[in-house]
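Peer 1: Below is the structure I would like to discuss, written out as structure tokens.
Readers should treat all values here as calculations from the given coordinates under stated rules, not as data from a laboratory. Bear in mind that the values here come from a model prediction, so they are computed numbers and not experimental data. Please note: Cβ atoms are built from the backbone with ideal geometry, for glycine as well, and neighbour counts cover all protein chains shown.
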Amino acid sequence: MRFCFRAKLTIFADKSAAKSAIRSKTMVKPAGHDTISPLKTQNMMLEAALYLIPVTLGDTPHDRVLPPYNRDITSGIHHFIVENVRSARRFLKRCDPSTDIDAITFYTLDRHTPPEAVAGFLAPLAEGLPVGVISEAGCPAVADPGADVVAVAQRKGYKVVPLVGPSSILLSLMASGFNGQSFAFHGYLPIDGGERAKAMKRLEQRIYNENETQIFIETPYRNDKMVDDCLRYCRPQTRLCIALGITTAEESIRTLTLAEWARHKPSLPKTPCIFLLYK
């Protein structure tokens, strides 16, 4: 799978450099809390590891898509790497209303985060403390900048623990009726009309030559334009699955040939969609 966020990562050679980075402006540190001792959750010692914590894909009750075990894990972590501190705070409070948000340190990882700061976010692991990664939606490190910090953790030999949760990519593939043994996720396709046409024709060639399902996304306000482009650039017999609002109350997953979609062209809401193409 490919993802549009790419950053060069710097691994600190010594602990002092890492500790310096942990005090950088990309960190939100609680007042009056310095070193937090190793934690227990549900009478179980939570080991020092990088925990990848999925979140809901929309306004969905947590207990519908996230196992109770995840809540037990998050309650034992006081250092989180997140895309957005505000939404991460809200997620943690929904997981456990008794969570002391002011006792938690957040490190912001987004497109504006300096590459040299990424390794410093893992400094608590060197002190025997667990660290969590929270995405904005779905599973961390899958089509998500969290992959950068996971790469550093693997290079440094830290344990990485992925937790169970919803992935719109896999859920849409499951429901599409397409090939689930060979597939590729491309993220966003080019916006330029000429480049997009070339990209879609390449994807369609892979469908017919390699029996490979092609998966991509679009900015929600351009959902209808994406359907138009599929109709314009791909063969009528090629099948398109539109997976809308997965796991939410407005979930809709439908597979038709492009010829059929042309006769029943949808008007899609400005809601996150996954688009899948196959023969």
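Peer 1: What pairs come out if I take residues in the stretch 235-257 that are closer than 21 Å to Thr60 by Cβ and pair them with residues that are surrounded by fewer than 21 Cβ atoms within 10 Å (Cβ to Cβ) and acidic (Asp, Glu) whose C-beta lies under 6 Å away, six or more apart or interchain?
Peer 2: Within 6 Å, the pairs are Gly245/Glu251.
Peer 1: Which of the residues that make up the stretch 159-176 are farther than 20 Å from Asn84 by Cα, touching a residue at least 12 places away in the same chain (Cβ under 8 Å) and either among the β-branched types (Val, Ile, Thr) or buried (at least 17 other Cβ atoms within 10 Å of the Cβ) (or both)?
Peer 2: Within the stretch 159-176, Val160, Val161, Val164, Ile169, Leu171, Ser172, Leu173, Ala175, Ser176 meet the criteria.
Peer 1: Within the group Ala141, Ala147, Ala184, which residue is in a helix (DSSP H, G or I), in contact (Cβ under 8 Å) with a residue 12 or more places away in the chain and among the hydrophobic types (A, V, I, L, M, F, W, C)? Step through it out loud before you land on a result.
Peer 2: On the way: Ala141 fails: in a helix (DSSP H, G or I); Ala184 fails: in a helix (DSSP H, G or I).
Just one listed residue meets the conditions, Ala147.
Peer 1: Among the listed residues Thr56, Thr74, identify the single one that is among the β-branched types (Val, Ile, Thr) and more than 15 Å from the chain's Cα centre (by Cα).
Peer 2: Thr74 is the lone residue from the list that is among the β-branched types (Val, Ile, Thr) and more than 15 Å from the chain's Cα centre (by Cα).
Peer 1: Go over the candidates Glu218, Glu212, Glu204 one by one and state the one that is closer than 30 Å to Leu66 by Cβ and either more than 27 Å from the chain's Cα centre (by Cα) or not hydroxyl-bearing (Ser, Thr, Tyr) (or both).
Peer 2: Glu218
Peer 1: Filter the stretch 251-265 for residues that are part of a loop (DSSP other than H, G, I, E, B) and over 27 Å from the mean Cα position of the chain (by Cα); which is surrounded by the fewest Cβ atoms within 10 Å (Cβ to Cβ)? I'd like the intermediate steps shown before the answer.
Peer 2: To start, the set of residues in the stretch 251-265 that are part of a loop (DSSP other than H, G, I, E, B) comprises 251, 264-265.
Restricting the remaining residues to those that are over 27 Å from the mean Cα position of the chain (by Cα) gives 264-265.
Numbers: His264: 8, Lys265: 12.
Residue satisfying both the conditions and the ranking: His264.
Peer 1: Then there's this: Here is a check on your reading of the model: is Leu125 surrounded by 19 or more Cβ atoms within 10 Å (Cβ to Cβ), assigned to a helix (DSSP H, G or I) and either within 14 Å of the chain's Cα centre (by Cα) or touching a residue at least 40 places away in the same chain (Cβ under 8 Å) (or both)?
Peer 2: yes
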